[in-house]
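Heads up: the structure comes next, in structure tokens.
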């Protein structure tokens, strides 16, 4: 996703991308990242295991981190969906 957003930003900066298309690119990325965060958060809540980079965690810290991932993922989904709806 980072290459897509980076490419969209560079293209927008070089005036090769309209503001509507740039907004759609950012909104789509927010939506995609939100879905991944919600999925990761709910998996952590279900299994009590969280893996970030190469570090595996278990216990109460995982529950708090998973709840935070789910909340921020849901807010990202809402922002991405609102962005796409405003463009329609």
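Going by neighbour counts of Cβ atoms within 10 Å, the residues 85, 45 line up, fewest first, as 85, 45. The fewest-to-most ranking of 20, 50 by surrounding Cβ atoms within 10 Å reads 20, 50. Among the listed values (1) 23, 17, 10; (2) 32, 15, 7; (3) 30, 24, 11, the one computed from these coordinates for semi-axes √(5λ) of the Cα gyration tensor in Å is (2). Of interest is the spacing of the C-alpha centroids, which for region 2-16 and region 45-82 amounts to 29 Å.
Once you keep just the Cα pairs under 8 angstrom separated by 6 or more residues, what percentage relative contact order results for region 2-87? Show your work: numbers first, answer last.
Details: 98 pairs, mean separation 31.3, N = 86.
Here the relative contact order equals 36 percent.
On full extension of the chain, what length is gained from residue 4 through residue 45, given 0.36 nm per residue of separation minus the C-alpha to C-alpha distance?
Details: separation 41, 0.36 × 41 = 14.76 nm, distance 3.01 nm.
Residue separation times 0.36 nm, minus the Cα-Cα distance, leaves 11.7 nm.
Compared with the dominant principal axis of the Cα atoms in the chain, helix 19-47 is inclined by about 10°.
Going by alpha carbons, how many degrees (0 to 90, nearest 10) lie between the helix axis of 60-87 and the longest principal axis of the chain? Helix 60-87 sits roughly 20 degrees off the main axis of the chain. Seen against the Cα atoms of the chain and their longest principal axis, helix 2-13 is set at about 30 degrees.
Any read-out appearing in this document is the output of simple, stated calculations on the displayed coordinates, not a laboratory observation. Predicted model only: the values in this text are computed from it and were never measured. Positions of Cβ are generated from backbone atoms using ideal geometry, with glycine treated the same way; all protein chains shown enter the neighbour counts.
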